[in-house]
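The values are calculated or read from the model by the stated rules, or taken from the named source; none is laboratory data. Owing to the predicted nature of the structure, the values given are computational and were not obtained by experimental measurement. Neighbour counts run over all protein chains shown; Cβ positions are idealised from the backbone, glycine included. Side chains are part of the model used for accessible areas, which takes the heavy atoms of the whole protein and leaves out ligands, DNA and RNA. Shrake-Rupley method; radii C 1.70, N 1.55, O 1.52, S 1.80 Å.
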Amino acid sequence: MPSSERIARCFEACKQAGRPALVAYLTAGDPHPDRTVELALAMERGGADLLELGVPFSDPIADGPVIQHASDRALHAGTTVARVLEIAREIRAHSSMPIILFSYMNPLLRYGFDRLCTDARAAGVDGCLFTDLSVEEADATVAAMKKHGLDTVFLAAPTSTERRLKLVAEYSTGFVYVVSRTGVTGEQATVAGGVHELVDQLKSLTSLPLAVGFGISRREHVEAIGGYADGVVVGSAFMRVVEKYGSAPDLAAQLESFTRELSGRS
Amino acid sequence: MSTTIKTPDAGGHFGPYGGRYVPETLMAPLEELERAFHEAQQDESFRAELKDLLANFAGRPTPLYEAKRLSQTLGGARIFIKREDLLHTGAHKINNCLGQILLARRMGKKRIIAETGAGQHGVATATVCALFGLECVVYMGEEDMRRQRLNVFRMRMLGAKVVSVTSGSRTLKDAVSEAMRDWVTNVSSTHYLLGSALGSHPYPMLVRDFHRCTGDEARAQILERIGRLPDTIFACVGGGSNAIGIFTAFIGDAGVKLVGVEAGGRSGKLGEHAARFSGGSPGVLQGAYSYLLQDEDGQVSLTHSVSAGLDYALVGPEHAWLHDQGRAEYVSATDSSALNAAKTLARTEGIIPALESSHAIAEALRRAPAAKDEVFLINLSGRGDKDTDIYRENFPELDQDNAE
């Protein structure tokens, strides 16, 4: 089955519009699985171009405290892989925004990886990114995702050697997620030095769109990175809003307003 | 003759287990570590320095002790004990720490981080950092800090910073996660001195190779002592470093039974034990694919053991492979049988064992009476001083002035 190409078309449309794609991360199930669809659609109204739907995991080693706590809340509210897929299906019923699953491997292995690919594609998911899957371990998962027409997004890191960047580019479809700095997810005051060079290096290795994430939380970061990359990923800053307004009736409105601030779209 | 171990493959796989399941940021540092390890193994001066430290700082070789009174009391197997508890810092952990600190120095790392459960690996890490003048940060679950207070103080006295981990179950698993988060953040300056045969390749391989001296010595010692190999070897398995350390030399000896003893905890119910083979299924945690205690949604289960060092949801990947191949057998011992085994060993042989090692002793005690004419070898991986508070809690009758 060919890829849905929703991701490719999304980056192309943003490029035509002369702006970086805003890739928005949302932990599925925080504060409750019943609210995730509403929140995702609010983010889309605020200018999110692509949704990274986070599958909560008990031991998120790549995440800082904000997403750790979001995962804990989501698990406490009873979020399962099956429920995340239902959420994706409901979002897809109302939106043509590309959706990628952002997950650690274990919950998906437990669900059954081939079954996951079948069900994810049927739910309208366009691709997957696994934080703890190195390209070295990825052959079987990549083959399964390709078979089902899912894009395979991998991480490129500041520590990656040239040899590894080539591998990451080779294994990725849809886009490459460029990690801006060494560390876990979480907001930072400034964009890490060196990420521009990493993006330039990757440009010489691949024609795929490049989206920069980790530590991005402000409009000024989006503008700065938009000057040289195709997309900007924001995660913890959104989950901070969910944490703050979790029980408030205007959570979706707050999230929409913050997304609008980041996207700069009216 | 023991055969050469051909595992893992180039990607760090023991059969389907092991591998490298980590964020991309850690991949290049893991490759650097693997390269440094292979180069060091070829370097005569590295091997000589490690050998000297193991002998003159740590106290190798450790004795192989025949537990005659214990054997007599049980009336069956002839029991030998490999005394890793007599090593400097009180447990086998120092073997691996000395090896890795030399690697860290070779790689030019100035800062060392580690996780610890019972505190034995933390103490051994703090010790080698003091010895080499390197900064040391140890992550330890809040719950483990409470139950292993003595070791927390020892680490601090040695100059280490002990960071209390308050996420999740506040035990070893959470300490590993925090150490990995530190490493991914400070990766250029920092070496992660992982303390068990766990995590991403090359750790399970290099930790095994730094501990295989235990089994190499024990094999030569028992051959010299009684002219034959043991029938059965017992070792406790948390991550599995002391077990793989003693098993490795004997894996090629088909007649030697290898028995790994996990923590049976309070009961067989998920969350009340750390018996990964009977209660778990293959999954990925903290860098490796192996048997994992998890719920039906793939979330990692909480674990329990009276012994902090065995209280972990994943078993080292080489043990998973030995298990599936039928080369080693894995059983579990409950909290109470481990506590009783510790008391038995104390009163028959004058040795107070660590609670972790007491699990191995418990299984040997259970089997010994029916094993007449057999030779048992127990790896006594650590001494029990650090567990005095827990022994006191569990043997209140001994804590009174008229106690017997």
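Please state, rounded to one decimal and in Å, the Kirkwood hydrodynamic radius that the protein assembly as shown gives when every pair of distinct Cα atoms enters the mean of 1/r. Write out the running numbers ahead of the final one.
Working: mean 1/r = 0.0386 Å⁻¹.
Taking the inverse mean of 1/r over all distinct Cα pairs, the protein assembly as shown comes out at 25.9 Å.
Under 16 Å from a point 7 Å along the Cα-to-Cβ line of A:ARG45: which residues of region A:70-108 have their amide N that close?
Only A:91, A:94-97 pass the distance filter.
For region B:145-249, with the dipole built from +1 on Lys and Arg beta-carbon atoms and -1 on Asp and Glu ones, taken about the Cα centre, which of B:LEU229, B:SER196, B:ASN151 lies farthest toward the positive end?
Sorting the options by dipole projection puts first B:ASN151.
Could you pull out the pairs from A:LYS203/B:LYS109; B:LYS82/B:LYS161; B:LYS51/B:LYS82 whose alpha carbons sit more than 22 Å apart here? Walk me through the intermediate numbers first.
Details: A:LYS203/B:LYS109 32 Å; B:LYS82/B:LYS161 32 Å; B:LYS51/B:LYS82 19 Å.
Listed pairs above 22 Å: A:LYS203/B:LYS109; B:LYS82/B:LYS161.
I want to check the label-to-label distance for A:ARG163 and B:ASP385. Put each point 7 Å from Cα in the C-beta direction and report it in nm to one decimal.
About 4.5 nm separates the two model spin labels.
Calculate the radius of gyration of the Cα atoms of region A:199-252 to one decimal place, then report Dmax, the largest Cα-Cα distance, as a whole number, both in Å.
14.7, 48
If you roll a 1.4 Å probe over the heavy atoms of the protein chains, what accessible area per residue do you get for region B:189-278, in Å²?
Values: 2260 Å² over 90 residues.
Spelled out: the 1.4 Å probe surface of region B:189-278, per residue, equals 25 Å².
In debye to the nearest 20, how big a dipole does the protein assembly as shown give about its Cα centre with +1 on each Lys and Arg Cβ and -1 on each Asp and Glu Cβ?
Numbers: 70 positive and 83 negative charges, 154 e Å.
So the magnitude is around 740 debye.
Please list the equivalent ellipsoid semi-axes of region B:281-397, computed as the square roots of five times the alpha-carbon gyration tensor eigenvalues, in descending order and whole angstrom. It would help to have the intermediate numbers written out before the result.
Working: eigenvalues 157, 78, 25 Å².
Semi-axes, largest first: 28, 20, 11 Å.
Under 15 Å from a point placed 7 Å out from the Cα of B:ASP295 along the Cα-to-Cβ direction: which residues of region A:13-46 have their backbone N that close?
Residues passing the 15 Å test: A:29-30, A:33.
Please state, to two decimals, what the Cα-based radius of gyration of region B:304-347 comes to when divided by 2.2 N^0.38 Å (N = residues). Present the calculation step by step, with values, prior to reporting the outcome.
Details: Rg = 13.3 Å, N = 44, 2.2 N^0.38 = 9.3 Å.
Relative to the rule-of-thumb radius for its length, region B:304-347 sits at 1.43.
How big, on average over all directions, is the shadow cast by the Cα convex hull of region A:39-124, in nm²? Display every interim value, and only then the final one.
Working: hull surface 22.7 nm².
For the Cα atoms of region A:39-124, the hull's average projected area reads 5.7 nm².
Any cysteines in chain B with zero other Cys Cβ atoms under 4.7 Å from their Cβ? List them, or say none.
Unpaired cysteines in chain B: B:CYS97, B:CYS213, B:CYS236.
Find how many whole Å separate the alpha carbon centroid of region A:98-125 from the alpha carbon centroid of region A:205-223.
25 Å
Using the Kirkwood radius over Cα pairs, work out the Stokes-Einstein diffusion coefficient for region A:86-198 at 10 °C and 1.306 mPa s, in µm²/s as a whole number. Please list the in-between numbers first.
On the way: Rh = 15.2 Å.
The estimated diffusion coefficient comes to 105 µm²/s.
With Cβ to Cβ distances under 12 Å as the rule, what net charge do the other residues near B:ARG146 carry (K, R +1; D, E -1)?
Values: positive: B:ARG147, B:ARG149, B:ARG170; negative: B:GLU142, B:GLU143, B:ASP144, B:ASP389, B:GLU393.
Once positives and negatives cancel, what remains is -2.
Under the Kirkwood approximation applied to all pairs of distinct alpha-carbon atoms, what is the hydrodynamic radius of region B:145-292 in Å? Working shown, then result.
Values: mean 1/r = 0.0565 Å⁻¹.
One over the average 1/r among Cα pairs gives 17.7 Å for region B:145-292.
Only Lys, Arg, Asp and Glu count, each charged at its Cβ (+1, +1, -1, -1), so figure out the dipole size of region A:72-129 about its Cα centre, rounded to 20 debye. Numbers along the way, then the final one.
Details: 7 positive and 6 negative charges, 12 e Å.
It comes to approximately 60 debye.
Convert 10 °C to kelvin, take the viscosity as 1.306 mPa s, use the Kirkwood radius over C-alpha pairs of region B:132-185 as Rh, and evaluate the Stokes-Einstein diffusion coefficient in µm²/s, rounded to a whole number. Could the numbers behind the result be given before it?
Numbers: Rh = 11.4 Å.
It comes out at roughly 140 µm²/s.
Dividing the convex hull volume of the Cα atoms of region B:263-339 by its residue count, what figure in Å³ per residue is obtained?
Values: hull volume 6.5 nm³, N = 77.
Considering the Cα atoms of region B:263-339, their hull volume per residue is 84 Å³.
Have a look at A:SER266, B:ALA403, A:PRO65 and report the one farthest towards the positive end of the charge dipole of the protein assembly as shown, computed about the Cα centre with Cβ charges (Lys/Arg +1, Asp/Glu -1).
B:ALA403
Given 0.36 nm per residue, what is the gain on full extension from B:ASP231 to B:GLN72 after removing their alpha carbon distance, in nm? Walk me through the numbers before you get to the answer.
Numbers: separation 159, 0.36 × 159 = 57.24 nm, distance 1.77 nm.
Value of the extension gain: 55.5 nm.
Report, for the protein assembly as shown, the % of DSSP beta bridges that are antiparallel, rounded to 5.
On the way: 17 of 80 bridges.
That works out to approximately 20 percent antiparallel.
Taking the Cβ-Cβ separation of B:ARG106 and A:ASP200 as r and a Förster radius of 41 Å, what is the calculated FRET efficiency to the nearest 0.05? Display every interim value, and only then the final one.
Details: r = 33 Å, r/R0 = 0.80.
After rounding, the FRET efficiency stands at 0.80.
Shielding by partners for B:183-190, please: the mean number of other protein chain Cβ atoms within 10 Å of each residue's Cβ. Kindly include the intermediate steps, with their values, before the conclusion.
On the way: counts 2, 8, 6, 2, 5, 3, 0, 0.
Mean inter-chain Cβ contacts per residue within 10 Å come to 3.
Out of region B:186-275, which trypsin sites (Lys or Arg not before Pro) are coil in DSSP terms and have no more than 15 other C-beta atoms within 10 Å? Intermediate results must be reported in sequence, preceding the final value.
Working: sites: B:ARG208, B:ARG212, B:ARG219, B:ARG225, B:ARG228, B:LYS257, B:ARG266, B:LYS269; in loops: B:ARG212, B:ARG228, B:ARG266, B:LYS269.
Loop-located and lightly packed - B:ARG228, B:ARG266, B:LYS269.
Find the eigenvalues of the gyration tensor of the Cα atoms of chain B, then list the square roots of 5 times those eigenvalues as equivalent ellipsoid semi-axes, largest first, in whole angstrom. Each step should come with its number before you reach the end.
Working: eigenvalues 174, 115, 94 Å².
Value: 29, 24, 22 Å, ordered largest first.
Work out how far the C-alpha atoms of region B:202-245 reach from end to end along every principal axis, then list the three figures in whole Å, largest first.
Dimensions of region B:202-245 along the principal axes of its Cα atoms: 35, 17, 9 Å.
Quick one: of the DSSP bridges fully inside chain B, what percent are antiparallel, nearest 5? Walk me through the numbers on the way to the answer.
Numbers: 17 of 52 bridges.
The antiparallel fraction comes to roughly 35 percent.
Check the straight Cα-Cα distances from B:LYS68 and name the aspartates and glutamates below 19 Å, setting aside those fewer than 8 residues away within the same chain.
Counting by Cα, and skipping residues close in sequence, B:LYS68 has these aspartates and glutamates nearby: B:GLU84, B:ASP85, B:GLU224, B:ASP231, B:GLU349, B:GLU363, B:ASP373, B:GLU374.
Excluding A:PHE258 itself, calculate the net charge of residues whose Cβ lies under 14 Å from the Cβ of A:PHE258, where each Lys or Arg counts +1 and each Asp or Glu counts -1. Walk me through the numbers on the way to the answer.
On the way: positive: A:ARG45, A:ARG218, A:ARG219, A:ARG240, A:LYS244, A:ARG260, A:ARG265; negative: A:GLU44, A:GLU187, A:GLU243, A:ASP250, A:GLU256, A:GLU261.
Every neighbour counted, the sum reads +1.
Could you tell me which residue out of A:GLY18, A:LEU39, A:LEU50 lies farthest along the dipole of region A:16-68 toward its positive end? Charges go on the beta carbon: Lys and Arg +1, Asp and Glu -1, centred on the Cα centre.
A:GLY18
Could you pull the Cα extents of region A:15-163 along its three principal axes, largest to smallest, in whole Å?
Result, largest extent first: 41, 41, 32 Å.
Out of every Cα-Cα pair in region A:149-246, what percent are more than 16 Å apart? The partial results should precede the final answer.
Working: 2554 of 4753 pairs.
The calculated P(r) of region A:149-246 puts 54 percent of pairs beyond 16 Å.
One quarter of the convex hull surface, Cα atoms only: what value does that give for region B:16-175 in nm²? Please report the intermediate quantities before stating the final value.
Details: hull surface 51.7 nm².
The directionally averaged projection comes out at 12.9 nm².
Lys and Arg at +1, Asp and Glu at -1: add these up for the other residues within a Cβ distance under 11 Å of B:ASN96 and post the number. Intermediate results must be reported in sequence, preceding the final value.
Numbers: positive: B:LYS93, B:ARG208, B:ARG212; negative: B:ASP209.
Once positives and negatives cancel, what remains is +2.
Calculate how large, on average over all directions, the projected area of the Cα convex hull of region B:335-393 is; give the answer in nm² to one decimal.
Working: hull surface 16.0 nm².
Dividing the Cα hull surface by four gives the mean projection, 4.0 nm².
Mind grabbing the base-10 log of I(q)/I(0) for chain A at q = 0.15 Å⁻¹? Debye formula, identical points on the C-alpha positions, no solvent, two decimal places.
-1.06
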